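Student: This is the structure, below, for whatever I ask next.
The values are calculated or read from the model by the stated rules, or taken from the named source; none is laboratory data. This structure is a prediction, so every number in the text was calculated from the model and none was measured. Glycine gets a Cβ as well: all are built from the backbone with ideal geometry, and neighbour counts include every protein chain shown. Please note that ligands, DNA and RNA were not included when accessible areas were found on the heavy atoms of the full protein model with its side chains. Shrake-Rupley method; radii C 1.70, N 1.55, O 1.52, S 1.80 Å.
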Amino acid sequence: MKNPYMEQAIIEAKKAFELGEVPVGAIMVYKGDIIARAHNLREKSNNALAHAEILVINEACKKLNTWRLDSCELYVTLEPCPMCAGAIINARISSVYFGAYDPKGGACGSVVDLFKKGSFNHSPVLYGGIMEDACEGLLKEFFGKLR
């Protein structure tokens with residue numbers, strides 16, 4: 001089933017793909033409006049922190065002039081890693097919607113579940129597998145070209 005917000009995150013992932021980055025895209029939604037968008041830039045910036053989620057959280061904080069994003073929803077094309085899950089918890093993001101599961105590094109249940117209720121002081125509502133085929137397809141195409 002299509003989701004207009006995830007479709008926008010996929011557009012961001014395609015931008016990463018075109019740059020030779022792992023195709024992960026993210027958008028932040030506040031009161032129904034997209035307030036921030038980002039895609040992976042780790043290779044281009046030579047920065048291990050330049051994951052789409054970290055970049056979109058940073059942009060949203062600047063836009064709203066606060067570190068507390070408790071009225072925001074994050075849409076990301078790949079299950080967040082532990083670093084990004086930690087940033088999501090610290091930013092108090094209300095809901096996380098992700099596309100493809102990450103069996104090698106996912107921190108939302110695939111490898112570990114950092115969002116498990118009671119594990120930390122904040123647990124976002126989590127929805128996985130949103131437009132999973134489209135998100136997973138981009139990743140498979142990208143890694144297929146590398147091999």
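Student: Does Val56 count as touching a residue at least 60 places away in the same chain (Cβ under 8 Å), β-branched (Val, Ile, Thr), on the phi < 0 side of the Ramachandran plot and surrounded by 16 or more Cβ atoms within 10 Å (Cβ to Cβ)? Talk me through it step by step, then tell me what you get.
Tutor: Working: touching a residue at least 60 places away in the same chain (Cβ under 8 Å): no; β-branched (Val, Ile, Thr): yes; on the phi < 0 side of the Ramachandran plot: yes; surrounded by 16 or more Cβ atoms within 10 Å (Cβ to Cβ): yes.
Judged against the criteria, Val56 is not a match.
Student: Now for a different question. Of everything in the stretch 15-54 that's of a type in the set (Val, Ile, Thr) and part of a loop (DSSP other than H, G, I, E, B), which residue is nearest to Glu79 (Cα to Cα)?
Tutor: Residues of the stretch 15-54 that are of a type in the set (Val, Ile, Thr), as a first pass: 22, 24, 27, 29, 34-35, 54.
Adding the requirement that they be part of a loop (DSSP other than H, G, I, E, B) leaves 22, 24.
Details: Val22: 13, Val24: 10 Å.
Among them, the one singled out is Val24.
Student: Condition (residue is in contact (Cβ under 8 Å) with a residue 60 or more places away in the chain, surrounded by fewer than 24 Cβ atoms within 10 Å (Cβ to Cβ) and within 21 Å of Ser119 (Cα to Cα)) applied to the stretch 62-73: is it met by at least one residue? Steps first, answer last, please.
Tutor: First pass over the stretch 62-73, keeping only residues in contact (Cβ under 8 Å) with a residue 60 or more places away in the chain: 73.
Pick out the ones that are also surrounded by fewer than 24 Cβ atoms within 10 Å (Cβ to Cβ) and you get 73.
Then drop every residue that is not within 21 Å of Ser119 (Cα to Cα), which leaves 73.
Yes: one or more hits.
Student: For the stretch 98-113, name all the residues that are out of contact with any Cys (no Cβ under 9 Å at 6 or more places or on another chain) and buried (at least 23 other Cβ atoms within 10 Å of the Cβ).
Tutor: Cys108
Student: Given the criteria among the small types (Gly, Ala, Ser) and either open to solvent by 40 Å² or more (accessible area, probe 1.4 Å) or over 20 Å from Gly129 (Cα atoms) (or both), does Ala87 qualify?
Tutor: yes
Student: Right, next: Name the residues in the stretch 21-53 that are more than 21 Å from Met83 (Cβ to Cβ) and either open to solvent by less than 40 Å² (accessible area, probe 1.4 Å) or in contact with a helix residue (DSSP H, G or I) (Cβ under 8 Å, 6 or more places away or on another chain) (or both), would you? Full working, then the answer.
Tutor: First pass over the stretch 21-53, keeping only residues more than 21 Å from Met83 (Cβ to Cβ): 29-35.
Of everything in the stretch 21-53, those that are more than 21 Å from Met83 (Cβ to Cβ) and either open to solvent by less than 40 Å² (accessible area, probe 1.4 Å) or in contact with a helix residue (DSSP H, G or I) (Cβ under 8 Å, 6 or more places away or on another chain) (or both) turn out to be Val29, Tyr30, Ile34, Ile35.
Student: Go through the stretch 77-105 and count every residue that is assigned to a loop (DSSP other than H, G, I, E, B) and within 18 Å of Met6 (Cβ to Cβ). Give the derivation first.
Tutor: Filtering the stretch 77-105 for residues assigned to a loop (DSSP other than H, G, I, E, B) gives 79-81, 92-94, 101-105.
Right, trim to within 18 Å of Met6 (Cβ to Cβ) and you get 79-80, 93-94, 101-102.
Going through the stretch 77-105 one residue at a time, the tally reaches 6.
Student: Determine the pairs where a residue that is more than 17 Å from Val24 (Cβ to Cβ), located within the stretch 123-138, has a partner that is open to solvent by 60 Å² or more (accessible area, probe 1.4 Å) with Cβ atoms under 6 Å apart, the partner being 6 or more residues away or on another chain.
Tutor: From the stretch 123-138, the pairs are Ser123/Lys117.
Student: Among the listed residues Ala48, Ala13, which satisfies the condition of being over 17 Å from Ile93 (Cα atoms) and out of contact with any strand residue (DSSP E or B) (no Cβ under 7 Å at 6 or more places or on another chain)?
Tutor: Ala48
Student: Moving on. Within the bounds of the stretch 118-132, is there any residue that is touching a Leu at 6+ places or on another chain (Cβ under 8 Å) and open to solvent by 70 Å² or more (accessible area, probe 1.4 Å)?
Tutor: yes
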